[in-house]
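Each value in this text was obtained by applying a stated rule to the coordinates, not by laboratory testing. Nothing here was measured: the structure is a model prediction, and the numbers come from that model. All Cβ positions, glycine included, derive from the backbone under ideal geometry; neighbour counts span all protein chains shown.
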Amino acid sequence: MDAKTAPALVRWFEIMDSEAPDGILDRLAEDFQFAIVFSMGDAGSSDFAGGRAAMEGYLAQRERGTRAHRLLAVSAAGDTEFALGEVIRLGQWEASFVASALLDGQGRVRRLIIGRAPGVAFPPAAVHG
């Protein structure tokens, strides 16, 4: 994916998929706030929100080494980045997601919102044209 178009989000998901996802904490601005809505379809959903401490809690409860994020499209408008992607769990498609991040002047994440759901898949060919 084009790291020049949305470098913060591209790097965010690279770090989240790495052996050291806590590395994202270094990319947070002082006034960081986030919300993640994590749908499991009929199995329910979880909503995570807050600041740095809440993100630390999110990272602590998160499964490691089972999911990967594949970005299908990224864009940016000013200091805001956008991404559309899919979650792959143990080699199989699990869900689609959208993400948006507002950055500060140093490229750190001030605001982050992510929504994921298994209800719709975006074919890569359709996304890329």
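Take the alpha carbon gyration tensor of the range 1-86, find the square roots of its eigenvalues, order them as a ≥ b ≥ c, and report rounded if a/c is under 1.5; if not, report prolate when a/b exceeds b/c, else oblate. Note, shape of the range 1-86 comes out rounded. Spacing of the modelled spin labels on Ala43 and Leu25, each 7 Å from Cα toward Cβ, amounts to 2.7 nm. Each DSSP beta bridge with both residues in the range 7-128 is either parallel or antiparallel, and the antiparallel ones are about 85%. Residues in the range 48-76 near a label at Lys4, defined as backbone nitrogen under 16 Å from the 7 Å Cα→Cβ point? Answer for the range 48-76: 74-76. Between Ser75 and Arg89, the simple spin-label model (points 7 angstrom out along Cα→Cβ) gives 2.9 nm.
With unit charges on the beta carbon (Lys/Arg positive, Asp/Glu negative), name the residue among Gly78, Ala49, Gln61 whose Cα is farthest towards the positive pole of the charge dipole of the chain. Value: Gly78.
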